[in-house]
Amino acid sequence: MAQANLTIRIDNTDKKLFSDICKSMGLTVSAAYNVFTKAVIRNRRIPFEVAAENDDGFYNPANIKHLEEQVKLYNEGKMKFVTKTLEELEEMAK
């Protein structure tokens, strides 16, 4: 089977940590990437979940839970909304 080279860029610290872990398992970095490649080919997917974190922070689980609790309190009549004009808010900020 013909061999091909693959060049990737990786943080130096990550490379060292990854190499050390591979070595502790008796693998080279190249062998570990080959295992990964074969798993992707065999399963036709990346063999672990890849997800982006929500950077805006609004839709994080803790905030969603808090908002759901506030909606529940409102629906139970235990909370009410107060409307203020911009002028009233500015006065309160003083």
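The values are calculated or read from the model by the stated rules, or taken from the named source; none is laboratory data. The structure presented is a predicted model; accordingly, all values stated were derived computationally and were not measured. Backbone-built Cβ (ideal geometry, glycine too); neighbour counts: all protein chains shown. Just so you know, the surface numbers come from the protein's heavy atoms only, side chains and all, with ligands and any DNA or RNA stripped out. Shrake-Rupley method; radii C 1.70, N 1.55, O 1.52, S 1.80 Å.
Screening residue 45 against (1) closer than 30 Å to residue 7 by Cβ; (2) open to solvent by less than 100 Å² (accessible area, probe 1.4 Å) leaves a single unmet condition, (2).
Among the candidates 39, 93, the residue that is over 25 Å from residue 12 (Cβ atoms), of a type in the set (A, V, I, L, M) and open to solvent by 80 Å² or more (accessible area, probe 1.4 Å) is uniquely 93.
Pairs are defined by a Cβ separation below 7 Å, a sequence spacing of at least 6 or placement on different chains, a first member in region 20-33 that is in contact (Cβ under 8 Å) with a residue 24 or more places away in the chain, and a second member that is of a type outside the set (Lys, Arg); no pair meets this definition.
Among residues of region 56-72 that are without any contact (Cβ under 8 Å) to a residue 60 or more places away in the chain, those with a Cβ under 9 angstrom from a residue that is polar (S, T, N, Q), sequence gap 6+ or separate chain, pair up as 57/63; 60/54. Taking the condition more than 24 Å from residue 7 (Cβ to Cβ), among the basic types (Lys, Arg) and at pLDDT 85 or above, does residue 78 pass? Yes; evaluated as a whole, the condition is true for this residue.
Only residues that are open to solvent by less than 70 Å² (accessible area, probe 1.4 Å) and not in a helix (DSSP H, G or I): list them for region 48-79, please. Explain how you work it out, then say what you get.
Filtering region 48-79 for residues open to solvent by less than 70 Å² (accessible area, probe 1.4 Å) gives 57, 60, 63-64, 67, 70, 73, 77, 79.
Answer for region 48-79, where residues must be open to solvent by less than 70 Å² (accessible area, probe 1.4 Å) and not in a helix (DSSP H, G or I): 57, 60, 77, 79.
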